[in-house]
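Take a look at the structure below.
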Amino acid sequence: MMKQFFHTFLRVYLFWLLFFAFFRALFIVVNYSFSNDTPVGTILASFGPGLRMDLSFSGYLMLLIIVIQLVALPIGKRFCANCIRWQHYILIPLFAALLMGDINLFRYWGGHLNKEAMSFLKTPDVIIDSLHWLEVVLFFIIWAVISVLLIFLFNRFVFRAPFNESFNRRKMIINWGITLLLGALLIVPIRGSFSVAPINTGVAYFSNHLFANNAAVNPLWNLAYSLKRSAIEDNRYHFIKDEKASDMFDEMMHQSGRFPKILNSEKPNIVVILLESFSAQAIGAMGGEDVTPNLNKLMEEGIFFSNTYSTSFRSDYGMVGVLTGYPGIPGYSVMQYPDKSRHLNFIPKKLKDAGYKDFNFLYGGDMTFKNMKSLITLAGFDDVVDIDDFPKENQGEKWGVHDEYTFDRFITIIRNSESPSFNFFFTLSSHEPFDVPMERVNDDDYYNSVYYTDRCLGKFFEEMKTTGIWNNTLFILVADHGVVGPEKLGYTKSRRYHIPMVWTGGPLTVKDTIVSNYASQIDLASTLLNQLHIDASGFKFSKNILDNEVNGFSFLHFPDGFGYIDEKIYQMYDKANLKPLEMKGAETREDSLKAKVFMQMVAKDFKERLSNNRALDY
C-alpha cells in the first residue's frame with residue numbers, strides 16, 4: 001500500500017513538471033513575436049533553468065499532498081486517495097486559467113503575473129473591457145478544453161487506481177513516519193539548492209536574451225514570490241550607507257537655480273493633457289510610425305522635450321508622476337492608497353496657494369478605477385467630470401467615452417473657467433482595446449487609435465486658436481506611459497518608456513524648439529513651478545529640466561525591477577536578486593550605482609511616509 005502511494009506520488013510530481021513544461025511551450029509559441037533576435041537554441045534552453053523553478057513550485061504542491069495525508073492517516077487509518085483526486089480537480093483548472101492568463105497578459109504588458117497584475121481581479125470588468133469580446137470567448141473555450149483534457153490525462157495515466165487498504169495501528173505509524181520523511185525530502189527541490197540562499201527568480205535569468213529568460217520563469221512561482229515579498233519592508237533597497245546615498249543623490253539632482261524664462265505671463269492659464277499610451281513608437285520625430293500630424297505641428301509651435309521618459313508602465317503611476325512629481329515604487333501603486341497619497345505634494349495645490357482660481361479635471365472613464373478619484377480629490381480639483389456625466393451613445397463598446405466627445409466637453413470647461421485656471425484632461429481612446437469611432441486608417445489597432453486621438457487633438461487646438469483661448473494659455477501635453485506596442489517592447493527595453501512631452505500656447509516666448517535633456521515625466525512639476533516662480537522644493541524627486549546645470553536623467557521602474565537612463569548610461573536591475581538586467585555605459589562604480597541610489601532614496605522616503613504617517617517637508 002505504501003509502495004502504491006509512493007508510485008502515485010512520483011507520477012503526480014512528474015505530471016506537474018510536464019504540466020508546466022507544456023504551458024512554457026505554449027507561452028513561447030503564443031508570444032514568439034517578442035523573441036526578436038533570440039536564437040531558437042537559447043529559447044529551448046529555457047526549459048533547463050525553468051525546470052528548477054518548476055521543481056520548486058511542484059514541490060510545494062506535493063508538500064500539500066503530504067500534509068493532507070499526515071492528517072488523514074491517523075483519522076482514517078489509510079491514505080486518502082480521494083483527497084489527492086479532488087485536490088487536482090480543483091488545482092488543474094485553476095492553474096490552467098492562471099497560466100493562460102499569464103500568456104495573454106504578456107502580450108499586453110510584456111511581463112508575467114505578479115502581485116500588481118492580480119490587483120486587477122478587484123475590478124474584473126476592467127479586465128474584460130480591455131479585451132475584445134472574441135478574446136474573452138476564446139479564452140474560456142480553450143481553458144475548458146485544456147482543463148478537461150488534463151484532468152482526463154491525470155485520471156488515465158497518473159491516478160490509475162485508488163488505494164483504499166486500511167492499516168493496523170503499527171503499520172499506520174510506520175507509514176506516517178515514512179510519509180513525514182518524504183515531506184522532509186521535498187525541502188531540497190523547494191529550496192532549489194543545497195546552499196544557504198533559497199531559489200529566487202534570478203535562476204531564470206540565464207541568458208542575455210530577455211525573451212528566453214521570461215520563458216524560463218514559472219509564472220505561478222513568480223506570482224507567489226511577488227505576493228510574499230515586500231522589498232520596502234525587508235529593507236532590500238538599502239545598497240550603500242545612507243550618508244553616501246544622500247550625497248550621491250544630491251549630486252544627481254544638482255541644479256544651479258538659473259534657467260531661461262520661457263513664459264511672457266506671470267500667471268497664464270494652464271491646460272495639461274495627459275495622453276493615454278502615446279509612445280515614441282507612434283511618433284515620427286521619435287523614430288516611430290508617423291501617425292500624429294497634429295502633435296507634430298504643436299511641436300513646431302512650441303517646445304518639444306525629445307528625451308522624456310515615463311516613470312513606469314501604467315496609468316496610475318503616470319498620473320501620480322505628472323501631478324505630484326513622485327516616481328513611485330516597483331509593484332506598489334501609491335494612487336491606490338489614499339492614506340499614503342494624501343501626504344504627497346500636488347501641483348494644483350501649489351497653484352491654488354499661488355492664486356490660481358479654477359481647477360477642473362476631465363476623464364471619460366471610470367474614476368473609481370485604481371482609486372483615481374481619491375487622488376484627484378486630494379490633488380485639489382474643484383470639479384471632476386467622468387463617464388457618468390456623458391450619455392451612453394458617447395461611449396465606446398468597452399472602456400469609456402470616445403475622445404471626440406470628451407474634447408468637446410473640455411472646450412466648454414476651459415471657456416467657463418475663471419482665470420487664472422488649471423484644467424487637466426486625461427484622454428482615453430488609445431487604451432486597449434483601441435475602440436475608436438473612425439474608419440480605419442492604419443492596419444495596426446494601436447497606431448489607428450493614436451491617429452484618432454491626434455485627430456481630436458487637431459480639432460481641439462483649432463477651437464483654442466479661433467476663440468483666442470490660445471493667447472493666454474500654456475498647454476502641456478505629456479503621455480502617461482509607453483506601451484509594448486507593435487515593436488513588442490518588454491519591461492527592460494528603454495524605448496518602452498520613451499514618451500512625448502510638448503509645451504505650446506501663446507504665453508511661450510520660444511517656438512519650434514527642441515530640449516534634448518534626458519528627463520522624466522515627474523520633472524514636469526519642478527520645471528513648471530520654477531517658470532511660475534513658485535517654490536518647488538517640496539518635490540524632492542522632480543528637477544527643473546531647463547536649469548543651466550541640470551543632470552538630465554530618468555528613473556524607471558516596473559513590477560519586478562527598476563532602472564536609470566541618461567545620455568550615456570542605461571541600467572535595469574531585477575528587484576528579486578538585485579542583479580543587472582541591462583548595464584550600458586557605466587564607466588565608474590558610481591555610474592553603476594545610479595539606479596540603486598535613486599531607488600534607495602525613494603524607498604527611504606516611502607518607508608518614512610508609511611511608518612510615520614506624515615508628510616515629509618523637504
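The values are calculated or read from the model by the stated rules, or taken from the named source; none is laboratory data. Computed from a prediction, not measured in an experiment: that's the story for all the values here. Here Cβ is always computed from backbone atoms with ideal geometry, including for glycine, and neighbour counts include all displayed protein chains. What goes into the accessible areas is simple: the full protein's heavy atoms, side chains included, and nothing from ligands, DNA or RNA. Shrake-Rupley method; radii C 1.70, N 1.55, O 1.52, S 1.80 Å.
Beyond 30 Å in Cα-Cα separation lie the following of the pairs Lys352/Lys465; Lys398/Lys465; Lys261/Lys350; Lys241/Lys352; Lys493/Lys540: Lys398/Lys465; Lys241/Lys352.
Within the chain, what's the longest run with no GluC sites (Glu not before Pro) in a DSSP loop and at most 13 other beta-carbon atoms within 10 Å? Give the range, please.
The longest such stretch corresponds to 1-164.
Site pair Asp383 and Glu549 shows an inter-label distance of 4.5 nm when each label is modelled 7 Å from Cα along Cα→Cβ.
Coupling constants for the stretch 592-599 follow from the phi torsions by the Karplus curve (6.51 cos²θ - 1.76 cosθ + 1.60, θ = phi - 60°), and in residue order they are 5, 9, 4, 4, 5, 5, 5, 4 Hz; glycine and proline get x. With R₀ set to 45 Å, the beta-carbon distance separating Tyr60 from Ser516 gives a calculated FRET efficiency near 0.35. The residue among Thr377, Gly331, Ala354 whose Cα reaches farthest toward the positive pole of the charge dipole of the chain, with charges on the beta-carbon of Lys, Arg, Asp and Glu, is Gly331. For the chain, Cys456 have no disulfide-compatible partner, since no other Cys C-beta lies under 4.7 Å from theirs.
Bridge orientation summary for the stretch 342-447: considering DSSP beta bridges with both residues in this region, about 10 percent are antiparallel. Over the Cα atoms of the stretch 506-618, the radius of gyration divided by the Kirkwood radius equals 1.02; this is the Rg/Rh ratio.
Fully extending the segment from Asn235 to Asp247, taken as 0.36 nm per residue of separation minus the present Cα-Cα distance, adds 2.4 nm.
From the list (1) 29.8, 97; (2) 37.1, 131; (3) 27.2, 94, can you say which value of Rg and Dmax of the Cα atoms in Å was derived from the structure given? The value matching this structure is (3).
I need the calculated FRET efficiency for the pair Ser193 and Leu18, taking r as the beta carbon distance and R₀ as 30 Å, to the nearest 0.05. Between Ser193 and Leu18 the formula returns 0.85.
Take the eigenvalues of the Cα gyration tensor for the stretch 265-337, scale each by 5, and report the square roots as semi-axes in whole Å, largest first.
One finds semi-axes of 25, 19, 10 Å for the stretch 265-337.
When Lys241, Lys171 are compared by accessible area at a 1.4 angstrom probe, the order from most to least is Lys241, Lys171. Subtracting the Cα-Cα distance of Glu266 and Ala354 from 0.36 nm times their residue separation leaves 30.6 nm of extension gain. Residue ranges 340-349, 382-391 sort as 340-349, 382-391 when ordered by packing (mean number of other C-beta atoms within 10 Å per residue, highest first). Against the main long axis of the alpha-carbon atoms of the chain, helix 219-228 sits at an angle near 70°. Ser147 contributes an accessible area of around 10 Å² to the protein surface, as traced by a 1.4 Å probe with all chains present.
The trypsin sites (Lys or Arg not before Pro) of the stretch 421-465 that meet both conditions, a loop assignment by DSSP and at most 12 other Cβ atoms within 10 Å of the site Cβ, are Arg440.
How large, in percent, is the carbon and sulfur part of the accessible surface of the chain at a probe radius of 1.4 Å? For the chain, the apolar C and S fraction of the accessible surface comes to 56 percent. For the stretch 44-188, the solvent-accessible area of protein heavy atoms averages 51 Å² per residue (probe radius 1.4 Å; ligands and nucleic acids excluded). The three principal axes of the C-alpha atoms in the stretch 252-411 carry coordinate ranges of 50, 41, 36 Å, sorted with the longest axis first.
Can you list, largest first and rounded to whole Å, the semi-axes you get for the stretch 131-207 by taking the square root of 5 times each eigenvalue of its Cα gyration tensor? All intermediate terms of the calculation are to be shown ahead of the outcome.
Numbers: eigenvalues 269, 157, 17 Å².
After scaling each eigenvalue by five and taking roots: 37, 28, 9 Å.
Angle between the Cα long axis of helix 2-30 and the longest principal axis of the chain, 0 to 90 degrees, nearest 10? Between helix and principal axis, roughly 30 degrees.
In the chain, a dipole from Cβ-located charges (positive for Lys and Arg, negative for Asp and Glu) runs towards its positive end, and of His88, Val148, Val67 it is Val67 whose Cα lies farthest in that direction.
In terms of accessible area, using a 1.4 Å probe and ignoring ligands and nucleic acids, Cys83, Cys456 rank largest first as Cys83, Cys456. Ranked by the mean number of other Cβ atoms within 10 Å per residue, highest first, peptides 500-509, 209-218 order as 209-218, 500-509. Between Ala285 and Ala97, how many nm apart are label points set 7 Å from Cα along the C-beta direction? Those two pseudo-labels are separated by 4.8 nm. With a cut-off of 13 Å, note down the residues of the stretch 280-318 whose backbone N falls inside the zone around a label point 7 Å from the Cα of Asn472 toward its beta carbon. Counting backbone N atoms under 13 Å from the label point, the list is empty. Among the trypsin sites (Lys or Arg not before Pro) in the stretch 517-618, those placed in a DSSP loop whose Cβ has at most 16 other Cβ atoms within 10 Å are Lys568, Arg614. Once the chain from Ser537 to Ile90 is taken as fully extended at 0.36 nm per residue, the excess over their C-alpha distance is 155.4 nm. Using a Förster radius of 60 Å, what is the FRET efficiency between Arg258 and Glu393 based on their Cβ-Cβ separation? Nearest 0.05, please. The value I calculate is 0.65. Counting only alpha carbon atoms, the long axis of helix 403-415 and the longest principal axis of the chain meet at about 40°.
Shape of the stretch 338-483 from the C-alpha gyration tensor: oblate (a/c of 1.5 or more and a/b not above b/c, with a ≥ b ≥ c the square roots of its eigenvalues).
Compactness of the stretch 1-135, taken as the C-alpha radius of gyration over 2.2 N^0.38 Å, stands at 1.30. Of all DSSP beta bridges confined to the chain, the antiparallel ones make up roughly 50%. The alpha-carbon of Lys3 sits under 25 angstrom from the alpha-carbons of these lysines, leaving out residues fewer than 8 places away in its chain: Lys77, Lys171.
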